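A quick write-up on the structure given underneath.
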Amino acid sequence: MTFDELLTACVKRGASDIHLHAGMPPYARINGHMTALGSHPLSPQVTEGFLKLLLNPRTSAIFEEKGQADMAYSIPGIARFRVNVFRQRGSVSIVMRALSSTGNYDRVKLPSQIFDYIVQQKRGIILVTGPTGSGKSTTLGAIIDRINATRAETIITIEDPIETLHRNKQSVVLQREIGQDAPSFSEALVAAMRQDPDVIMIGEIRDYATAAAAISAAQTGHLVLSTLHTLDTVRTVNRVLELFPPHERETARILFADALVAIISQRLLPTANGSGRAVALEILKGTLRVKELVKDANRTSELVEAIRDGREDGMQSFDDHLARLYSEGAISLETGISAATSMHEFKMKALRADSERNEARAQAEQQAKEAQAAEAGTAGTTGTFEMPGRQGRF
């Protein structure tokens with residue numbers, strides 16, 4: 001089996017991550033669980049051979065200097081991969097994240113009301129957050145794809161590496177990769193301001209310079225989309241502002257609040273039947289009330305209440321969505337409890353869902369019994385009737 005054949009087999013089995021380490025068989029993360037692919041261990045010579053297929057002169061120099069390097073790899077028609085190569089125990093190890101080569105957006109579970117609202121925005125900042133492997137890139141890709149299909153604009157993406165290749169539809173899409181096309185997110189973002197952008201997508205906000213440039217771009221009439229590795233919307237607000245030095249934080253808070261369009265936090269959870277993973281979402285929209293709370297450092301905690309009160313505007317908390325997933329049978333009670341922001345609040349919602357489910361089941365059983373009884377009664381009034389000396393049908 002060739003290297004590409006191995007990767008293709010992993011993708012077809014639904015692997016999100018592929019591990020190639022000397023001294024052990026290949027492993028793949030499937031539905032969140034590490035799974036060995038056979039029992040034959042890879043030799044150090046084999047992983048060295050895989051490395052040579054992945055490196056180019058630039059990444060080879062980085063690997064030789066630092067003992068690790070990031071890059072992208074593609075199999076046309078199958079997938080793109082985000083790759084990290086490194087040395088451990090003196091041999092080469094490779095970890096690859098499978099990415100859709102063209103964008104498979106069926107898995108994006110954003111409510112249509114929120115999705116439509118986001119893709120109609122012309123300026124401001126939209127953040128998609130969550131832990132590694134929670135589908136942030138897929139969600140961003142779906143938003144970019146919809147804008148590309150419906151608006152005649154210039155879209156610039158700045159990524160490390162490029163994860164989804166976007167072909168021009170209605171828009172012109174320019175995609176830059178850190179290391180290959182640009183030295184850093186912040187420098188590429190500053191340069192993007194001179195490239196006639198309407199929409200700018202930044203793979204990740206990692207530092208002060210990128211955060212400051214992103215907010216500045218949003219303030220000057222551009223739509224900016226990016227990601228952070230934060231667990232929920234309130235933590236996201238705090239994390240963005242913590243990137244700024246203390247003496248700039250108050251100004252940054254006001255600018256960020258004014259630019260905020262939405263924050264979408266997401267997590268992937270194991271499904272109740274073990275066949276896949278369910279997406280749990282928390283959604284915060286930049287309403288007037290939310291902007292006022294973000295501006296006041298002493299009121300950030302009130303964002304939780306604002307989300308709860310903003311359900312009609314399409315906002316939802318993690319606990320609300322977890323309760324809905326549980327009531328639909330998509331996740332187990334144990335999974336919901338472990339993922340909940342407030343364990344007590346989720347348990348109360350789950351008990352209510354159980355009560356409603358039991359009541360619905362009891363009503364269905366009662367209706368079935370009544371239908372059976374009515375059918376039996378009808379059957380008792382049909383058939384034959386007696387006449388003297390003969391039998392006739394009713």
Completion exercise
Dipole check, the chain, charges on Cβ (K,R +1; D,E -1), about Cα centroid: among Tyr105, Ala212, Ala15 the Cα furthest to the positive pole belongs to Ala15
Exercise for the section: Fewest Cβ neighbours within 10 Å first, please rank Thr341, Thr236 accordingly. Expected result: Thr341, Thr236
Handout entry: Given charges at beta-carbon only (K, R positive; D, E negative), |dipole| of region 3-99 in Debye
Key = 200 debye
Fill in the blank from the handout: One point scatterer per Cα, no solvent, Debye formula: log10 I(q)/I(0) for region 3-99 at q = 0.23, 0.24 Å⁻¹ comes out as -1.27, -1.36
Completion exercise
Rounded to 0.05, the calculated FRET efficiency for the beta carbons of Leu6 and Gln367 at R₀ = 56 Å is 0.55
Practice task
Go ahead and run the numbers for FRET between Arg123 and Asp70, Cβ-Cβ distance against an R0 of 25 Å, rounding to 0.05.
Solution key: 0.20
Practice task
Could you check how many percent of all C-alpha pairs in region 105-316 are farther apart than 25 Å?
Solution key: 34 percent
Handout entry: Antiparallel DSSP beta bridges within region 1-140, as percent of all bridges there, nearest 5
Key = 95 percent
Fill in the blank from the handout: Quick calc: nm separation of the 7 Å Cα→Cβ label points for Ser275 and His247 -> 6.0 nm
Practice task
Measure off 7 Å from each Cα along the Cα-to-Cβ vector at Met34 and Arg324, then give the distance between these two points in nanometres to one decimal.
Solution key: 3.5 nm
Exercise for the section: Take the Cβ-Cβ distance between Ser60 and Gln170 as r, set R0 to 45 Å, and report the resulting FRET efficiency rounded to the nearest 0.05. Expected result: 0.70
Completion exercise
Listing Thr150, Thr138 by rising number of other beta-carbon atoms within 10 angstrom, fewest first, gives Thr150, Thr138
Problem - Cα-centre dipole for region 129-245 with unit charges at Cβ (Lys and Arg positive, Asp and Glu negative), debye to 20 - result: 280 debye
Exercise for the section: Considering Cα pairs under 8 angstrom that are at least six residues apart, work out the relative contact order of the chain and quote it in whole percent. Expected result: 11 percent
Problem - Which labelled figure in [x] 0.97; [y] 0.99; [z] 1.13 is Rg/Rh (Cα atoms, Kirkwood Rh), once derived from the coordinates - result: [z]
Exercise for the section: Could you list the trypsin sites (Lys or Arg not before Pro) in region 260-355 that lie in coil according to DSSP, counting only those with at most 13 other Cβ atoms within 10 Å of their Cβ? Expected result: none
Practice task
Could you tally up the Lys pairs in the chain with alpha carbons closer than 19 Å? Skip any pair fewer than 8 positions apart unless they're on separate chains.
Solution key: 8
Completion exercise
Highest GNM mean-square fluctuation among Ile143, Ile200, Ile75, for the chain with Cα springs under 10 Å, belongs to Ile75
Handout entry: Check: region 105-316 dipole with +1 on Lys, Arg Cβ and -1 on Asp, Glu Cβ, in debye
Key = 380 debye
Exercise for the section: Could you work out how far the C-alpha centroid of region 1-29 sits from that of region 214-236, in angstrom? Expected result: 34 Å
Practice task
Quick one: net charge around Glu163, please, counting Lys, Arg +1 and Asp, Glu -1 for every other residue with C-beta under 13 Å from its C-beta.
Solution key: -1
Practice task
Could you check what % of the DSSP bridge pairs in the chain are antiparallel, to the nearest 5?
Solution key: 60 percent
Exercise for the section: Only Cα pairs under 8 Å and at least 6 apart count here; give the relative contact order of region 3-99 as a rounded whole percent. Expected result: 27 percent
Fill in the blank from the handout: In a Gaussian network model of the chain with springs linking alpha carbons closer than 10 Å, the residue among Val261, Val199, Val11 that fluctuates most is Val11
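Where a number appears in this text, it was derived from the coordinates with a stated rule and is not lab data. Being a predicted model, the structure only gives us computed values, none of them experimental. We place every Cβ from the backbone using ideal geometry, glycine too, and count neighbours over all the protein chains shown.
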